1. Report yes if Asp31 is assigned to a loop (DSSP other than H, G, I, E, B) and modelled with pLDDT of 50 or more, otherwise no.
2. How many residues are touching a His at 6+ places or on another chain (Cβ under 9 Å) and either under 16 Å from Asp204 (Cβ atoms) or not in a helix (DSSP H, G or I) (or both) when one looks only at the range 236-264?
3. Mind listing just one residue for me: the one in the range 342-365 that is within 33 Å of the chain's Cα centre (by Cα) and in a loop (DSSP other than H, G, I, E, B) and, of those, farthest from Leu279 (Cα to Cα)?
4. Can you tell me which residue is nearest to Arg52 (Cα to Cα) among those in the range 204-237 that are crowded, with 19+ Cβ neighbours inside 10 Å and of a type in the set (Gly, Ala, Ser)?
5. How about the range 43-91: which of its residues are in a helix (DSSP H, G or I) and of a type in the set (Val, Ile, Thr)?
6. State which residue is surrounded by the fewest Cβ atoms within 10 Å (Cβ to Cβ) when the search covers only the range 63-99 and only residues that are in contact with a strand residue (DSSP E or B) (Cβ under 6 Å, 6 or more places away or on another chain) and hydrophobic (A, V, I, L, M, F, W, C).
7. Looking only at the range 204-222, count every residue that is within 20 Å of Ala191 (Cα to Cα) and either in contact with a Lys or Arg (Cβ under 7 Å, 6 or more places away or on another chain) or basic (Lys, Arg) (or both) and tell me the total.
8. Of the residues Leu245, Leu201, only one is crowded, with 20+ Cβ neighbours inside 10 Å and in contact with a Lys or Arg (Cβ under 7 Å, 6 or more places away or on another chain); which?
Amino acid sequence: MVRESARAAPPTWRCGYSCCSAWLAPCGSRDRSPSCHAGGVPTYLVSGDDERLISARLSELVNELVGDADRSSVYESYDLAEVQADDRETMVRQVVNAAQTQSLFSDRRVVVVRNVDTTPLDSAPLVDYLRAPADYCHLVFTAKGKVGKALNDAMKKSGTAIFETTPPSKRRELMEWYKTKFIESGLKIDALALEEVADWLGQDSARLPGLIEVLTSTYGPKHRLTFDDVNPFLGQAGSVQPWDLTDAIDSGDTANSLFMMRRMVRSGEYHPFQLMALLHNHYTKAMRLDGSGASDPVRAMQLIGSRSEFQGRKYLELTRAMGPKKIFDAIALLARADRALRGATGLEDELVLEVLVARLSRMMPARQQQRGAKRAGARR
């Protein structure tokens, strides 16, 4: 299968052109005839772990494939997840029949079959079709999970082009991924604005296509976006990972720690007691290492019950940075906050957490206060 990749060289289409526009149209040509497709086989798989990103990528792909043809005469769509198991066999046959039936009004046909990872599924008709696909039909699959082995093998053998929509997990690669998406839409974005967008999205990257669409309609293509251009369009922040909070606390970044805490609580993803459990677990791991004699990441990993050597190293460094007294003080602060959340002081839950997080972060040497303060200030 041919995979879409920002780093890979674009494949050569059967017409002889290298392709651009997400590998869908020949460079220097507006012709999107069915004879122009990657690897010689007009079949595609749009996959990922978020339905919204899959849907956005699918829409782009279908628009490219349909081109200026009459959509009603060339396009058909099927969703295997919308029918009962007993009816899927019938729908699969309908998909194959549609793919093998040439349009009366165009030289191309676009057939979409969503959720081919749905189980149970008899994919034999699709496997047979992929052995000799119709050259006038673009058959597009989508999948959120793992595709069955028989169909997956058939896709590989036929040279099906894969469009993977799952964003990278590492921050640097994710930032580059965001930047590429803006460039593909015709927009440019400066570094500060991109940082702001990334912080706003958090782990909810599926909101990016909608944001780009709004920014494009507002500023037009080829506009260079600044922080001031982007900031008014950023509403409620997306979700964050637990370590976004603990890392901010451990770095002594009080402003960013408070920003992360408010974001987790106000989004509704974390109840105050869930956030307390997260922090308690964090400092309990440091307490296990304190006085244990562990001096290497592997031993530390075993003591804290982790399978990650990175985690072992991380908690060794935290334990050494805090020392016995600060670890004891952190546990005491957690106990006091727990009583406050249970009504001992009458303070609001968020205020209790703000005091706790601020005190925990101030135990550590401040290293990132300026950047954190800027981001937190933009959200208040």
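The values are calculated or read from the model by the stated rules, or taken from the named source; none is laboratory data. Remember, predicted model here, so these are calculated numbers, not experimental data. Counting neighbours? That spans all protein chains shown, and the Cβs are built from the backbone with ideal geometry, glycine included.
1. no
2. Residues meeting the conditions: 1.
3. Going through the qualifying residues, I end up with Pro365.
4. For the range 204-237, the residue satisfying everything is Ala206.
5. Passing the criteria: Ile54, Val62, Val66, Val74, Thr90.
6. Met91
7. Of the residues in the range 204-222, 4 are within 20 Å of Ala191 (Cα to Cα) and either in contact with a Lys or Arg (Cβ under 7 Å, 6 or more places away or on another chain) or basic (Lys, Arg) (or both).
8. Values: Leu245 fails: in contact with a Lys or Arg (Cβ under 7 Å, 6 or more places away or on another chain).
Result of the check over Leu245, Leu201: Leu201.
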